[in-house]
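The values are calculated or read from the model by the stated rules, or taken from the named source; none is laboratory data. What you see is a predicted model; the values in this text were computed from it and never measured. Here the Cβ positions follow ideal geometry from the backbone for every residue, glycine too, while neighbour counts run over all protein chains shown. Side chains are part of the model used for accessible areas, which takes the heavy atoms of the whole protein and leaves out ligands, DNA and RNA. Shrake-Rupley method; radii C 1.70, N 1.55, O 1.52, S 1.80 Å.
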Amino acid sequence: MKVLFIGLGSIGQRHFRLLQNLPTPGPAQFFALRSGSSDTPTPAPAQALRDWNDVDRIRPHVAFICNPTSMHISTALECARRGMHLFLEKPVAHNSEGLAELRSIVRAKRLTAYVAYPLRFHPAVVAFRERVREENSSGHVRCVVSSYLPAWRPGTDHLRSYSARHEMGGGVVLDLSHEFDLVQYIFGTISVPTGIAGRMGGVTVDAEDFADAIFKAGPHIVNLHMNFMSPHAERTIELDLPGRFLRLDILAGELKSRAADPASVKLEKFPVARDEMYVAQLRYFLDNLSNPALMNNLDEASVLFEKILQFRDWALQEGQRL
């Protein structure tokens, strides 16, 4: 199996490193399409390709698209037209331009196109989802994701990253879109959120560094807060039900539950190394290369992505009115 990597930043290098130790359908050969502007050397054993003519000569079977968000769709189109299965880093894109064409090509060629949201594979998330599915009543969800953008990539200028720039697909709404995906995965199909977003912390060039959203997910009402301007790190989801409470702490790998009786408190721990989630995700993708209907395929992810885009546009306008 010939595997093409496009984008060898931190996430691309992680996938490349982990994939080398996993079984693939046939012996794996690795290639990397390099832009010529990157200072990052091509890691062995990957062979560097300089242009799409080189790609056509190699004819890869699978493409890992890990370049900046604003380049996802144009890159995916080039790969899909050549018949490659797609492993597409989240978010799908920075706008919807070209997305319908990509979905059409993927369907016509019966390609597998997976959008990567690795938190679905965290064991605490899996357990929390099972607990939620066991409940019979609707409730209220509080979801928080908080972090500090300048600390994301040590040794680099965060203001030069795509995360800090709106036109490159940065900002919390897209960059932390894990939470929208998780809420839908755990609680059910979400409605188009309303709320507010803006730039308050000075940690971006022009992208929003906070957002607050309200929406429905299945039968539940959800309040989602996201920011990357705070040194307080948090990734939690809480569910209040009549006489019952569930709390997921993803960073700690903990699941807490209790009923009205204080003695009913239960704490479960799910220790997991970060690589384990990515390995589980890669295994899932490889196991489903011949299954275009796999979880979080391009069609499924695109529906959620369009709702996220609608929210971002609405929320930024609301933020400007303050």
Mean-square fluctuation check for the chain, GNM, Cα pairs under 10 Å: which of ASP212, ASP299, ASP275 is largest? ASP275
Cα-Cα P(r), segment 226-322, percent of pairs per 5 Å interval: 2, 9, 10, 11, 15, 18, 16, 11, 6, 1
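Rank these by accessible area, largest first, 1.4 Å probe: MET1, MET200, MET168.
Values: MET1 25, MET200 140, MET168 55 Å².
Listed by decreasing accessible area, they come as MET200, MET168, MET1.
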Near the amide H of THR112, under 5 Å away, which other amide H atoms are found, from residues 5 or more places off or on another chain, if H is placed in the peptide plane? LEU86
With point charges of +1 on the Cβ of Lys and Arg and -1 on the Cβ of Asp and Glu, referenced to the Cα centre of the chain, which listed residue (SER70, HIS140, LEU224) lies farthest in the positive direction of the dipole? SER70
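Please compute the length gained on full extension between ARG14 and GLU97, using 0.36 nm multiplied by the number of residues separating them and subtracting their Cα-Cα distance.
On the way: separation 83, 0.36 × 83 = 29.88 nm, distance 2.82 nm.
Stretched out fully, the ARG14 to GLU97 stretch lengthens by 27.1 nm.
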As a test of understanding, state the convex hull volume per residue of segment 51-114 from its alpha carbons, in Å³. 75
On average, how much accessible surface per residue is there in the chain, in Å², for a 1.4 Å probe, leaving out ligands, DNA and RNA? 45
Just to confirm the number: angle between the C-alpha axis of helix 123-134 and the first principal axis of the chain, 0 to 90 degrees, nearest 10? 50
Over all alpha-carbon pairs of segment 130-269, lay out the pair-distance distribution in 5 Å bins, whole %, shortest bin first. 2, 10, 18, 20, 17, 13, 10, 6, 3, 1, 0
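Given a cut-off of 37 Å, what percent of all Cα-Cα pairs of the chain lie beyond it? Intermediate results must be reported in sequence, preceding the final value.
Values: 8697 of 51681 pairs.
Cα-Cα pairs in the chain separated by more than 37 Å: 17 percent.
Rounded to the nearest 20 debye, what is the charge dipole size of the chain about its Cα centre when +1 sits on each Lys and Arg Cβ and -1 on each Asp and Glu Cβ?
Details: 36 positive and 35 negative charges, 149 e Å.
Using Cβ point charges on Lys, Arg, Asp and Glu, the chain gives about 720 debye.
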Calculate what fraction, in whole %, of the accessible area of segment 177-322 sits on carbon and sulfur atoms when a 1.4 Å probe is rolled over the protein chains. 53
For segment 32-191, would you read off the P(r) tail past 26 Å as a percentage of all alpha carbon pairs? 41
Sorted from largest down, give the three principal axis spans of the alpha carbons of segment 124-184, whole angstrom values. 47, 23, 15
